Amino acid sequence: MLDAQVGYDFQMMPGAGGDATAGPKGSAEGLVVEGLFLEGAAWDPRLGALCESQPKVLFTPAPRMWLRPKPVDQFVEFKHYNCPVYRTAERRGVLATTGHSTNFVMFVKMPTTLDADHWVARGVALISSLSD
């Protein structure tokens, strides 16, 4: 019996718009997510990595992301920050049996040139819905 674990591998995609139902080069594997917002950081499309946000800018658009299901031992390794994704900017909810808030969705591996501790100290998160 095989004991392989499967999870999502993450790839940030350049540009915005396009066919959100297909991955790069029309691949049918996984899904493309767009429309999230970064809080506490910004995205540098030239570097393909997190960067500091501009002063007084609370939220910035996150890049399109390709989530590919694959065996964990086949994940692409890169310097990253495990960025939490929340449904709302409040970041609070009822504590679920998983130990996470009911507002918590998942972690996304965001490429970075800095240590993950840098982004943890800034409270960087992805938000799926902003308040009006």
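A few notes on this one:
- Considering only 111, 131, 5, the residue lying farthest towards the positive end of the dipole of the chain is 131, judged by Cα position with unit charges set on Cβ.
- GNM flexibility winner over the chain from 95, 50, 114 (Cα, springs under 10 Å): 95
- Cα centre as origin, Lys/Arg/Asp/Glu Cβ charges: the chain dipole, Debye: 180
- Relative contact order for the chain: 30 percent, from Cα pairs under 8 Å spaced at least 6 residues apart, divided by residue count.
- Principal axes of the range 87-126: Cα extent on each, largest first, Å: 33, 18, 14
- Annotation: Cα Rg of the chain relative to the compact-globule expectation 2.2 N^0.38 Å equals 1.09.
Every read-out reported here was derived from the displayed coordinates using simple, explicitly stated rules and does not represent laboratory data. Predicted model only: the values in this text are computed from it and were never measured. Cβ atoms come from the backbone with ideal geometry, glycine included; neighbour counts cover every protein chain shown.
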